[in-house]
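Just so it is clear, none of the values below were taken in a lab; they were calculated from the coordinates. Since the model is a prediction, treat every value here as computed from it, not as a measurement. Positions of Cβ are backbone-derived with ideal geometry, glycine not excepted, and every protein chain shown enters the neighbour counts.
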Amino acid sequence: MIHSLPLFHRINGQKVLVLGDGAAAEPKRRLVERAGGIVEADMQRAIDEGVRLAFVAYEDSRACENAAINLRCAGMLVNVVDMPDLCDFTTPSILDRDPVLVAVGTGSASAGLAKHLRLRLEAILPQTLGLLATALHNLRERLRMRFPDSAERRRALDAALAEDGVLDPFDPAAYERVESWLDSADRPNASQAETIDLSSDDPEDLTLRQARLLGEADTLLLDGAIPDAILNRSRADASRLPFNEEERDKEREGLTVVLHYAPG
């Protein structure tokens, strides 16, 4: 189970309420403006205009609690600085490679930990990552023409974006190869089957290859009581079916992975 549902909320050109005048409120104003939002400081005007998001950063905890109750009753989603029990949402530590955003959150457990994870990622993710995303975006129509089937298109991208693939996101020069890749990309295999033998319910025991197969599988055939911690490493939209001889022998498009769990 994940602590929160991570979402990216578009606020460009929209008002966001920010209450408070102290040091805790200023970072929230900057964050709203950085995302293209318009800072509103008047609570009643925000309620009257149907503003949807609010940050509360009063220095007085009772004032924060009262504001949070009133704003939530008005239909807003509320973040109260340093009071996680009053928050409908939290703000992560953000790594910006526009248009790529990486958000690191800890469910309010430790902002410092989130910051240092983000700093480590800053050091290894190339500055050109946004250029790769933009290049792929600009060629979407050509990509659809070359691979009309969405599943086939996804598998082609998986192969290109994989570690050491022609468009490996960790390669600073990958964005330069997008057009040449698309011009010469082969159609992926229509069907592929793999088996992962699990000896542990700890996802950290997965090999790199097993983790990649889980993340790319279109269909999972579950042979035994596969732990949720393992299944959570798979694609959210992958089909999950109980393993049996009939399902194993079916011809399917895409990657089918049989998960066999036999703890020591």
Query - Helix-only [θ]222 nm of the chain, DSSP H runs n ≥ 4, -39500 (n - 2.57) each, per residue, nearest 500 - result: -10500 deg cm²/dmol
**Report entry** Proximal lysines relative to LYS15, as straight alpha-carbon distance under 29 Å, when same-chain residues fewer than 8 apart are discounted
**Finding:** LYS28, LYS115
Query - Cα-based shape type of region 1-90, given that a ≥ b ≥ c are square roots of the gyration tensor eigenvalues and the cut on a/c is 1.5 - result: rounded
Query raised in the report: What GluC sites (Glu not before Pro) does region 91-165 have in DSSP loop regions with at most 15 other beta carbons within 10 Å?
Result: GLU163
Requested in this report: Report Rg/Rh for region 78-213, rounded to two decimals, where Rg is the Cα radius of gyration and Rh the Kirkwood radius.
Outcome: 1.06
Requested in this report: Enumerate the calculated ³J(HN,Hα) couplings along region 84-94 in order (Karplus 6.51 cos²θ - 1.76 cosθ + 1.60, θ = phi - 60°), each rounded to whole Hz, writing x wherever the residue is Gly or Pro.
Outcome: x, 5, 9, 9, 7, 8, 10, 9, x, 7, 10
Query raised in the report: Computed over the Cα atoms of region 129-184, what is the convex hull's projected area averaged over all directions, in nm²?
Result: 3.4 nm²
Report summary line: tail above 22 Å in the computed P(r) of the chain, as % of all Cα-Cα pairs, reads 68 percent
Report summary line: Sparse-neighbourhood loop hits (trypsin sites (Lys or Arg not before Pro), region 1-30; DSSP loop; Cβ within 10 Å at most 10 others) -> ARG10
Query - Debye log10 I(q)/I(0) for region 161-264, one point scatterer per Cα, at q = 0.09, 0.18, 0.19 Å⁻¹ - result: -0.29, -0.90, -0.96
**Report entry** Residues whose placed amide H lies under 5 Å from that of LYS15, excluding near-sequence neighbours
**Finding:** ILE38
Query raised in the report: What full-extension length gain, to one decimal in nm, is calculated for ALA193 and LEU121 as 0.36 nm per residue of separation minus the Cα-Cα distance?
Result: 22.6 nm
Report summary line: Placing each pseudo-label 7 Å from Cα in the direction of the beta carbon, ARG248 and HIS3 end up separated by a distance in nanometres of 4.1 nm
